[in-house]
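The values are calculated or read from the model by the stated rules, or taken from the named source; none is laboratory data. Bear in mind the structure is a predicted one, so any value in this text is a computation, not a measurement. So basically every Cβ, Gly included, is an ideal-geometry build from the backbone, and we count neighbours across all protein chains shown.
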Amino acid sequence: MDTVREKLQIFVRRFGLLNASCCEECCGEQVSMAQGHILFEIRRKGAPSMQQVAEELGMDVTTFSRQAKALEARGLIIKSMSPDDRRVSLLGLTVAGEGVLARIDRHMAGKIEQIFAVMTVFERETVIRSLELLNEAVAKSGCCSAVQKENIACCK
């Protein structure tokens, strides 16, 4: 019998979450998976600080900074100074960044729809609710520090 860990690992592999060229394949933009996550979090958070996004993704600031610089150099994100604290850099998507993210979104929506197409409506709703419960349980489980309690990727 499969353990929960085995089920999660098999899902990660089958869904392609370990595929280093995932975003390159889906939109042809040569965006790494980490960079795709950064773009997604910037949009999700509005105008977050670099520190907020790094924490949300569970990345150390040095690694995150390198990825952010690469995205900025490609014209996909912009950095601006916080009006409240000049030491804090806020991040935003450029029009080009929004376009790349829209292509990734379309690819992922198609992939999810293809998976859900083989399920009944009840099964779809069950999977969605189960994912919600799993995300809530991870956030409440104590594997995260108090600062990261709300984060998606909290366990390092």
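Out of 95, 31, 100, one residue alone is among the β-branched types (Val, Ile, Thr), over 25 Å from residue 138 (Cα atoms) and surrounded by fewer than 17 Cβ atoms within 10 Å (Cβ to Cβ). It is 95. Which of the residues belonging to region 84-103 are over 16 Å from the mean Cα position of the chain (by Cα) and touching a residue at least 24 places away in the same chain (Cβ under 8 Å)? Within region 84-103, 88, 89, 90 meet the criteria. Looking at region 61-69, is at least one residue under 29 Å from residue 14 (Cβ atoms) and within 15 Å of the chain's Cα centre (by Cα)? Taking every residue of region 61-69 in turn, at least one turns out to be under 29 Å from residue 14 (Cβ atoms) and within 15 Å of the chain's Cα centre (by Cα).
When the residues of region 49-58 are filtered to those that are under 25 Å from residue 107 (Cα atoms) and without any contact (Cβ under 8 Å) to a residue 60 or more places away in the chain, the one that is surrounded by the fewest Cβ atoms within 10 Å (Cβ to Cβ) is 54. The residue that is modelled with the lowest pLDDT, counting only those in region 128-156 that are surrounded by 14 or more Cβ atoms within 10 Å (Cβ to Cβ) and part of a helix (DSSP H, G or I), is 148.
Tell me which residues, restricted to region 1-54, are at pLDDT 70 or above, over 11 Å from the mean Cα position of the chain (by Cα), closer than 23 Å to residue 69 by Cα and not aliphatic (A, V, I, L, M). The answer is 30, 32, 45, 46, 48, 49, 51, 52. Checking the stated criteria, residue 139 turns out to be within 17 Å of the chain's Cα centre (by Cα) and in contact (Cβ under 8 Å) with a residue 12 or more places away in the chain.
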